[in-house]
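Where a number appears in this text, it was derived from the coordinates with a stated rule and is not lab data. All of these numbers come straight from a predicted model, not from anything done at the bench. A quick note on method: Cβ atoms are made from the backbone with ideal geometry, for glycine too, and the neighbour counts reach across all protein chains shown.
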Amino acid sequence: MSFYFEEFQLKTVQNRPSYHMITNKIQEALYNSGIQNGICLVQTTHTTCSIYFDEFMHDKNYYNDDFLQVDLNNILEKIIPRQTSENYPYLSPGPKHISYGMKKTDPNYPAVKWSMLNTDGHLRSNFLGSSVSLGIHKGELLLGSVGQVFFVDFDQTRKRIRNIEIIIVGDSKNE
């Protein structure tokens, strides 16, 4: 049994959900791992982000989001509207959480109160989840004929650098 770990980063955008097709990165990691049969876990540790499996749509909008992603945004906006001000339309973040967040230090992202108005991003990522598991057979990801893996950052408050982790476990060529 072999184990392989790889991490990569993506830059996200501000003022709209940031989608990225990451299938090629996962396939590169699988190739580098040498694993032929097993499981591939793709995850993010960011709480406003999701990793999900879906079909790639060829039609794109002005922002280069495919139409299925635009449809997903439209549906999510109906059930989880964007947070536009403190405590509207959500209770979160409350004063204790804002106080906690303002004490955090990150050289890339200075603490700004308005940047914590991202409850909608947390709730949207809860719907899609933070990881996918994919089967591996004969050195190939089991994606079907049209399946792709996507990363999305639902936090629209500011652009960021996000981490994606790939963990692959299975039998290698040499076992």
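Listing for the model above:
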| item | result |
| --- | --- |
| Sequence ranges 130-139, 10-19, ranked by mean other-Cβ count within 10 angstrom, highest first | 10-19, 130-139 |
| Per-peptide average of other Cβ atoms within 10 Å, ordering 66-73, 96-103, 152-159, 48-55 highest first | 152-159, 48-55, 66-73, 96-103 |
| Degrees, to the nearest 10: 119-128 long Cα axis against longest axis of the chain | 30 degrees |
| For region 144-149, 3J(HN,Hα) per residue [Karplus equation, 6.51 cos²θ - 1.76 cosθ + 1.60, θ = phi - 60°, Hz, x = Gly/Pro] | x, 7, 10, x, 9, 10 |
| Coarse-grained scattering of region 1-146 at q = 0.12, 0.14, 0.17, 0.18 Å⁻¹, given as base-10 log I(q)/I(0) from a Debye sum over alpha-carbon atoms | -0.65, -0.84, -1.09, -1.16 |
| Residue-wise HN-Hα coupling along region 92-104, computed from phi with Karplus coefficients 6.51, -1.76, 1.60 (Hz; x: Gly, Pro) | 7, x, x, x, 5, 5, 5, 4, 4, x, 6, 8, 5 |
| Amide H partners (placed H, <5 Å) of residue 130, local residues excluded | 51 |
| Where Cα atoms sit under 29 Å apart: lysine pairs in region 2-172 separated by 8 or more or lying on different chains | 23 |
